[in-house]
1. Quick check: the distance between the Cα centres of the range 56-104 and the range 197-213, to the nearest angstrom?
2. Set the Förster distance to 35 Å, then compute FRET efficiency between Ala263 and Ile109 from the Cβ-Cβ distance, nearest 0.05.
3. Most fluctuating residue of Thr65, Thr114, Thr99 in a GNM of the chain with Cα springs under 10 Å: which is it?
4. Can you tally the lysine pairs in the chain where the Cα-Cα distance is under 27 Å and the two residues are eight or more apart, or on different chains?
5. Give me the dipole magnitude in Debye, nearest 20, for the chain about the Cα centre, with unit charges on the beta carbon: positive for Lys and Arg, negative for Asp and Glu.
6. Given C-alpha coordinates of the range 41-81, what is the ratio Rg to Rh with the Kirkwood estimate of Rh?
7. Just to be sure I understand: with springs between alpha-carbon atoms less than 10 Å apart, which residue in Pro63, Pro237, Pro327 has the highest mean-square fluctuation in the Gaussian network model of the chain?
8. Report, in cubic angstrom per residue, the convex hull volume of the C-alpha atoms of the range 26-117.
Amino acid sequence: MANTDTTDIDTTDVADIAIDIAIVGAGLSGLVCTQRLHRAGYQAVVLEKSRGLGGRMATRRLPDTCADHGLRWLEAQGTQSQQLIQAMLGRGLEPWAGTVYRWQPDEFIPLPATPRYVAADGITAVAKQLGAGLEIWRGQRVVAISSASQGWALTLESLAGDRQALSAKALVMAIPAPQALDLLQPLGSVLEADLLEALAAVQFNPCITAIACFSEAERALFEALPWAAVQCPPEAPAVWISQEGSKGRNPDCPALVVQSSAAFATAHLDETDLTASGTALLDYAKMHLLSGLPAPQILPQVLQVHRWRYATVRSPYSQTYLSASQPAPLVLAGDWCSPDKNPNPGIEQALESGIAAADAINALLDSRPLPGVDYSAPSSAPVPLRF
């Protein structure tokens with residue numbers, strides 16, 4: 001398997017650092033955009049608020065196993081996602097033979113066995129491959145953006161609460177539109193009103209995900225289940241339940257992922273402690289899908305709950321990216337940019353937007369020849385991680 005190290009630098013003193021392009025967000029759009037810019041010779045730095053890569057392509061580490069608690073799998077949705085899958089096969093990504101059912105009261109209906117792809121080490125392995133060789137500052141949240149004499153001035157906050165400064169000639173924001181809007185609204189006097197209005201019109205659905213890990217004693221109970229994953233009725237509190245062990249993970253540590261409906265998440269999204277909501281989702285799964293087992297009251301060894309405030313796009317933007325040349329080059333991208341008005345934008349839109357964002361920011365800067373999209377190779381020789 002290819003080395004997937006990224007170039008993580010010590011950001012103890014970045015106040016005097018001036019770079020070409022800052023890319024906010026290490027999801028699919030941000031990573032693909034950065035790859036193209038890096039290969040064209042730009043000093044492009046990814047700023048990621050969390051410790052990991054991939055955005056909603058997320059994997060939660062559990063005792064002796066893991067679980068995908070955002071994106072469920074990869075599937076070909078168009079040319080770019082097909083190319084990504086082909087490039088990643090054998091590099092952590094493998095075909096998934098799990099049977100998916102649509103569940104209705106008293107009835108299980110198998111969904112068509114379309115090609116789906118998963119990673120035994122977690123779906124975030126794809127993001128790690130895409131980030132290989134890129135300069136990524138993890139644990140650095142952008143908390144403020146202002147116009148500067150030669151571009152943009154960014155204020156960063158680390159996971160420990162320390163603040164740093166960074167300047168960039170150009171800025172790409174590959175994060176959910178509402179988060180970008182929060183950062184750009186203070187610049188309303190210098191940004192075009194149409195840009196802010198377009199961002200404000202993009203809407204997302206939230207989701208709450210419960211991740212439950214069970215003991216080896218329950219292995220046989222889970223192996224007896226006929227399904228790898230279940231799609232629940234839209235009116236149910238949970239809309240998706242999956243056995244993560246079906247993805248080639250440690251069979252002695254059965255794990256369930258239960259994803260909520262948008263309505264359930266909206267009702268519980270701002271709770272300080274999500275344990276009760278996660279328990280309710282797990283109880284729903286046990287009541288309706290585990291009740292036929294010899295021990296229906298099994299309890300998890302671990303229950304973790306994740307809040308996705310911007311889980312799926314409800315109202316996308318109608319172009320592949322948003323951009324502005326004043327007061328400095330700015331491009332916004334993400335799966336919420338969907339020119340074909342796809343009602344359920346996904347990885348295809350994220351990839352297309354990231355590619356287009358690189359073209360757009362390059363046109364606003366030096367108009368260098370940009371290389372073609374290549375998902376199969378690192379952006380440059382990887383170096384050891386520093387944190």
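1. If we compute the Cα centre of each part, the gap is 19 Å.
2. Details: r = 23 Å, r/R0 = 0.65.
Calculated value: 0.95.
3. Taking springs between Cα atoms under 10 Å, the residue moving most is Thr114.
4. Numbers: Lys49/Lys128; Lys49/Lys169; Lys128/Lys169; Lys128/Lys247; Lys247/Lys286.
The number of close lysine pairs in the chain is 5.
5. Details: 26 positive and 38 negative charges, 56 e Å.
So the dipole magnitude of the chain works out to roughly 260 debye.
6. Values: Rg = 14.2 Å, Rh = 13.0 Å.
Value, to two decimals: 1.09.
7. Pro63
8. Numbers: hull volume 14.4 nm³, N = 92.
In the range 26-117, the Cα hull volume divided by residue count equals 156 Å³.
A short reminder: the numbers here are calculations on the coordinates, not readings from a lab. Note that the coordinates shown come from a computational prediction; the quantities given were computed from them, not determined experimentally. Positions of Cβ are generated from backbone atoms using ideal geometry, with glycine treated the same way; all protein chains shown enter the neighbour counts.
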